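The values are calculated or read from the model by the stated rules, or taken from the named source; none is laboratory data. These numbers come from a predicted model, not from an experiment. No Cβ is skipped: glycine too gets one built from the backbone with ideal geometry, and neighbour counts run over all protein chains shown. Calculation scope for accessible area: heavy atoms of the full protein, side chains included, ligands and nucleic acids excluded. Shrake-Rupley method; radii C 1.70, N 1.55, O 1.52, S 1.80 Å.
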Amino acid sequence: MSNHVNLERRRQAIYGWLLLSPAALMLSIFAFYPSVATFWSSLFTRNTRRKPSEFIGTENYADLFADPTFWLVVKNNLFYAGITIPVSIAIALAMALWANSKIPLRGFVRTAYFTPTVLPMIAAANLWLFFYTPGLGVLDQIGSLFGLPSVNWLGQPETALWAIIIVTIWKEAGFFMIFYLAALQTIPEDLKEAADIEGASRWTYTRRIVLPLLMPTTLFIMVNAMINSVKLIDHLFILTKGGPSDASKLILYYIWEMAFAFFDAPHAAAMTILVLAVLCIVAAIQFLYLDRRTHYQ
Amino acid sequence: MIAEPFVVLKDVAKRWNGQLGVEDISLDIDEGSFVALLGPSGCGKSTSLRLLAGLELPDEGSIWIQGRDVTTSAASDRNLSMVFQSYALFPHLSVAENVIFGLKVRRVPRTERAAKLANALQITGLEGLENRKPAELSGGQRQRVALARAIVAGQKLCLMDEPLSNLDAKLRNSVRKDIKKLQRDLGITVVYVTHDQTEAMSMADKVVLMKDGRIQQVGSPDDLYNRPANTFVAEFVGAPPMALIESHIVDGVQPGLTLGLRAEKISIVPSGEGRLSCRVSEAEFLGSETLIGLEHEGAVGLTVMRPGLSMLPVGEHIDITFNDQDLHMFNEAGERITGH
């Protein structure tokens, strides 16, 4: 009897491992191994013809912490994340609530909101380049109608990061809206009716019923928005290249620059490890803390 | 003081782009009564309830509650509560939060809220479950939470939309009694939608039977059972339903009519002595009695009730008889001929 059970258990275990192995293999090759290798190479000096690579421990990290550009880029990225995440989530929610109500041309509205998502970021950035171009750009053309002076949105440190932020929000809000829209459609109609009979206003209903029920979606979107705020830098290549004077440079762009423009792989590796560590910590906080306060159906 | 009905519906109609809604709904509901809206699915009973609740607005007619015209009032201004078929509990809120949701919205002070909550939970037997989420409750418990939410505010009028249809048969019987007791103890007026005639007949003071968006008959359960207004009512009410017989096959009755006959009024007699000779088509044992289904070319739904286990072989021919005074008569249009 117990022989049978053992055999069955072993067979289940083999199935389990077989099913896991493709993903485990791919993740090992393309995620786990590179992470470990990156960490390893961040502990060595740069390998040049005259000076072979040697172990220096945390010196690369110390260099970074002493680098003012690194701190500027960190500050830029925090600001960028601090604006794009809440604003794109708020806009996505507002658009979803609107596109979910009984309005004429609902299909058109939904499609229109979703369009920026299907555009590749490079194409979107080229589009916005045209909006922002001083003199020729749409923004300046509109401004000149009201007699406003021409503004070089991408060319001055005060506005460059904001210009990047607006492109990101425009690109992401529609994508997040789709998730909210799908979640809204799982909320049964009679909850609204029950709230109506109890005399709840539309606002009360949204705040006390809809938003809590959307929490799992919000959590998911927040994690995604956070990751995107670090990883989505395609538009920087088209719009500002991190300039002027590093005013719009984000951390991943700086890593890319460090590795492939300055050919300083160890410092780029160190920076990558720092980013990974921060992302892990934030994701852990989001899931451990917010998860407990979220209702899953 | 004039004893005005508590709720009045006057010639109410609701149409959905040519699709079937409800037409000519006129109804008076007395304070403290239990009214059941009964009918097959799609008959407009739920629509009528939603019109009364203010979840839909009528295209024609007017609705009065407590002497006030509420035809176009919002649901929240009608001073009523509602139990939904799906219960419509808020899944992320605890039992207590669900029950006092409306009190919070109406800004009832905290102490009063706690007292009302305790009272409602005690009446519905939900003490100890205050902090559970709806997902952690059984179907019957969820149903009671919905009831507690409906009675906590002390509204005089409570609407119930098939509140028992998600419960299993055994639970349904006990909850039926609970609801009836609740209604009597609290003295509230209940309008209750159901497709189950047993529920309607056993609970209601007044049954409103509907079909295709129109009221067929309004009356006490006794009226519906013993004096059906038309053949639809005759066939809908009662288990087994009333048999309908073409009058030309029965001797001594004016031809061209439809005759209605209840199963318990039919008796089996020895061959050659009966008024109709039929073939046994089925036999159904129900415990205290056996239902014998009969076939006759001029009749539908002929059934005989025999006490205890008393099966008859299918295909056997038997003779039946009945008294003239037990016959219900309907004209060609299916309407009851009064005076009989």
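Which condition does residue A:103 not pass, out of (1) without any contact (Cβ under 8 Å) to a residue 60 or more places away in the chain; (2) outside any loop (DSSP other than H, G, I, E, B), if it passes all the others?
With respect to (1) without any contact (Cβ under 8 Å) to a residue 60 or more places away in the chain; (2) outside any loop (DSSP other than H, G, I, E, B), residue A:103 is out only on (2).
So residue B:46 fits all but one of (1) within 14 Å of chain A (Cβ to nearest Cβ); (2) small (Gly, Ala, Ser); (3) over 18 Å from the mean Cα position of the chain (by Cα); what number is the exception?
(3) is the only condition that residue B:46 fails.
Just checking, how many residues over the range A:29-49 are open to solvent by 50 Å² or more (accessible area, probe 1.4 Å), free of Cβ contacts under 8 Å to residues at least 60 places away in the same chain and either in a helix (DSSP H, G or I) or of a type in the set (Asp, Glu) (or both)?
6
Could you go through the range B:96-103 and let me know if any residue there is open to solvent by 60 Å² or more (accessible area, probe 1.4 Å) and within 29 Å of the chain's Cα centre (by Cα).
Step one: filter the range B:96-103 for residues open to solvent by 60 Å² or more (accessible area, probe 1.4 Å), giving none.
There is no residue in the range B:96-103 that is open to solvent by 60 Å² or more (accessible area, probe 1.4 Å) and within 29 Å of the chain's Cα centre (by Cα).
All but one of (1) surrounded by fewer than 14 Cβ atoms within 10 Å (Cβ to Cβ); (2) within 13 Å of chain A (Cβ to nearest Cβ); (3) more than 27 Å from the chain's Cα centre (by Cα) hold for residue B:111, so report the exception by its number.
Failing condition for residue B:111: (2).
Residue under question is residue B:117, and the condition is that it be surrounded by 18 or more Cβ atoms within 10 Å (Cβ to Cβ) and at pLDDT 90 or above; does it hold? Working first, answer last.
Working: surrounded by 18 or more Cβ atoms within 10 Å (Cβ to Cβ): yes; at pLDDT 90 or above: yes.
So residue B:117 fits the description; yes.
Out of the range B:7-36, which residues are under 23 Å from residue B:181 (Cα atoms) and open to solvent by 10 Å² or more (accessible area, probe 1.4 Å)?
We begin by selecting, within the range B:7-36, every residue under 23 Å from residue B:181 (Cα atoms); these are B:7, B:28-36.
Selection gives B:28, B:30, B:31, B:32, B:33.
Any idea which residue in the range A:147-168 is nearest to the other protein chains (Cβ to nearest Cβ), counting only those that are β-branched (Val, Ile, Thr) and surrounded by fewer than 19 Cβ atoms within 10 Å (Cβ to Cβ)?
Taking the range A:147-168 as the starting set, the residues that turn out to be β-branched (Val, Ile, Thr) are A:151, A:159, A:164-168.
Going one step further and asking which of them are surrounded by fewer than 19 Cβ atoms within 10 Å (Cβ to Cβ), we end up with A:151, A:159, A:166.
On the way: A:151: 47, A:159: 42, A:166: 34 Å.
Checked the range A:147-168; the qualifying residue nearest to the other protein chains (Cβ to nearest Cβ) is A:166.
With respect to residue B:272, is the statement that it is at positive phi and either in contact with a Lys or Arg (Cβ under 7 Å, 6 or more places away or on another chain) or surrounded by 13 or more Cβ atoms within 10 Å (Cβ to Cβ) (or both) true? Can you show your working first?
On the way: at positive phi: yes; either in contact with a Lys or Arg (Cβ under 7 Å, 6 or more places away or on another chain) or surrounded by 13 or more Cβ atoms within 10 Å (Cβ to Cβ) (or both): no.
No; evaluated as a whole, the condition is false for this residue.
Report yes if some residue within the range A:248-256 is open to solvent by 60 Å² or more (accessible area, probe 1.4 Å) and of a type in the set (Lys, Arg); otherwise report no.
There is no residue in the range A:248-256 that is open to solvent by 60 Å² or more (accessible area, probe 1.4 Å) and of a type in the set (Lys, Arg).
Considering only the range B:120-162, how many residues are assigned to a helix (DSSP H, G or I), open to solvent by 70 Å² or more (accessible area, probe 1.4 Å) and closer than 27 Å to residue B:52 by Cα?
Just the residues of the range B:120-162 that are assigned to a helix (DSSP H, G or I), to begin with: B:120-124, B:134-136, B:139-151.
From what's left, open to solvent by 70 Å² or more (accessible area, probe 1.4 Å): B:122, B:135-136, B:142, B:144.
Then drop every residue that is not closer than 27 Å to residue B:52 by Cα, which leaves B:142, B:144.
So the count comes out to 2.
Out of all the residues in the range A:58-89, which are more than 30 Å from residue A:218 (Cα to Cα) and small (Gly, Ala, Ser)?
Correct list: A:62, A:66.
Sort out which residues of the range A:105-146 are loosely packed, with under 14 Cβ neighbours inside 10 Å and charged (D, E, K, R), and write them in order of number.
Across the range A:105-146, the qualifying residue is only A:106.
Residues of the range A:191-208 being more than 7 Å from chain B (Cβ to nearest Cβ), farther than 14 Å from residue A:97 by Cα and buried (at least 18 other Cβ atoms within 10 Å of the Cβ), which ones? Full working, then the answer.
Restricting attention to the range A:191-208, the residues satisfying the condition of being more than 7 Å from chain B (Cβ to nearest Cβ) are A:192, A:195, A:201-203, A:205-208.
Now drop any that are not farther than 14 Å from residue A:97 by Cα, which leaves A:195, A:201, A:208.
Across the range A:191-208, the qualifying residues are A:195, A:208.
Which residues, taken from the range A:209-233, are more than 14 Å from every other protein chain (Cβ to nearest Cβ), touching a Leu at 6+ places or on another chain (Cβ under 9 Å) and open to solvent by 30 Å² or more (accessible area, probe 1.4 Å)?
Answer for the range A:209-233, where residues must be more than 14 Å from every other protein chain (Cβ to nearest Cβ), touching a Leu at 6+ places or on another chain (Cβ under 9 Å) and open to solvent by 30 Å² or more (accessible area, probe 1.4 Å): A:222, A:227, A:231, A:232.
What is the one condition in (1) open to solvent by 50 Å² or more (accessible area, probe 1.4 Å); (2) touching a strand residue (DSSP E or B) at 6+ places or on another chain (Cβ under 8 Å); (3) over 30 Å from residue B:297 (Cα atoms) that residue B:202 does not satisfy?
Of (1) open to solvent by 50 Å² or more (accessible area, probe 1.4 Å); (2) touching a strand residue (DSSP E or B) at 6+ places or on another chain (Cβ under 8 Å); (3) over 30 Å from residue B:297 (Cα atoms), only one is false for residue B:202: (2).
Only one of these is more than 29 Å from residue A:233 (Cβ to Cβ) and modelled with pLDDT of 90 or more: A:24, A:81, A:90. Name it. Step through it out loud before you land on a result.
On the way: A:81 fails: more than 29 Å from residue A:233 (Cβ to Cβ); A:90 fails: more than 29 Å from residue A:233 (Cβ to Cβ).
On inspection, the qualifying residue turns out to be A:24.
What helices (runs of 4 or more DSSP H), lying completely within the range A:197-297, carry at least 1 residues that are of a type in the set (Gly, Ala, Ser)? Quick ask: steps written out before the conclusion?
Values: elements: A:202-205, A:211-231, A:234-239, A:251-256, A:265-285.
Hits in the range A:197-297: A:211-231, A:265-285.
Test of understanding: among A:62, A:112, A:96, A:123, which residue is touching a residue at least 60 places away in the same chain (Cβ under 8 Å) and in a helix (DSSP H, G or I)? Lay out the reasoning, then the answer.
Details: A:62 fails: touching a residue at least 60 places away in the same chain (Cβ under 8 Å); A:112 fails: touching a residue at least 60 places away in the same chain (Cβ under 8 Å); A:123 fails: touching a residue at least 60 places away in the same chain (Cβ under 8 Å).
On inspection, the qualifying residue turns out to be A:96.
I'm told residue B:327 meets every condition in (1) closer than 19 Å to residue B:224 by Cβ; (2) open to solvent by 50 Å² or more (accessible area, probe 1.4 Å) except one. Can you identify the failing condition by its number?
(2)
In the list A:183, A:270, which residue meets the criterion of being within 30 Å of residue A:45 (Cα to Cα), modelled with pLDDT of 90 or more, open to solvent by less than 30 Å² (accessible area, probe 1.4 Å) and assigned by TED's automatic domain parsing to the domain that holds residue A:161? Full working, then the answer.
Values: A:183 fails: within 30 Å of residue A:45 (Cα to Cα).
When all the criteria are applied, what remains is A:270.
Restricting to the range B:61-108, what's the tally of residues that are in a strand (DSSP E or B) and facing chain A (nearest Cβ under 8 Å)?
To start, the set of residues in the range B:61-108 that are in a strand (DSSP E or B) comprises B:61-65, B:68-69, B:80-83.
Restricting the remaining residues to those that are facing chain A (nearest Cβ under 8 Å) gives B:80-82.
Of the residues in that region, 3 qualify.
Which residue pairs have Cβ atoms closer than 7 Å, lie 6 or more positions apart in sequence or on different chains, and pair a first residue in the range B:81-95 that is among the hydrophobic types (A, V, I, L, M, F, W, C) with a second residue that is buried (at least 20 other Cβ atoms within 10 Å of the Cβ) and assigned to a loop (DSSP other than H, G, I, E, B)?
Sorted first by the residue in the range B:81-95, then by its partner, the pairs are B:83/B:163; B:95/B:126.
Which of the residues spanning the range B:43-71 are open to solvent by 20 Å² or more (accessible area, probe 1.4 Å) and closer than 30 Å to residue A:211 by Cβ?
Correct list: B:46, B:50, B:55, B:56, B:57.
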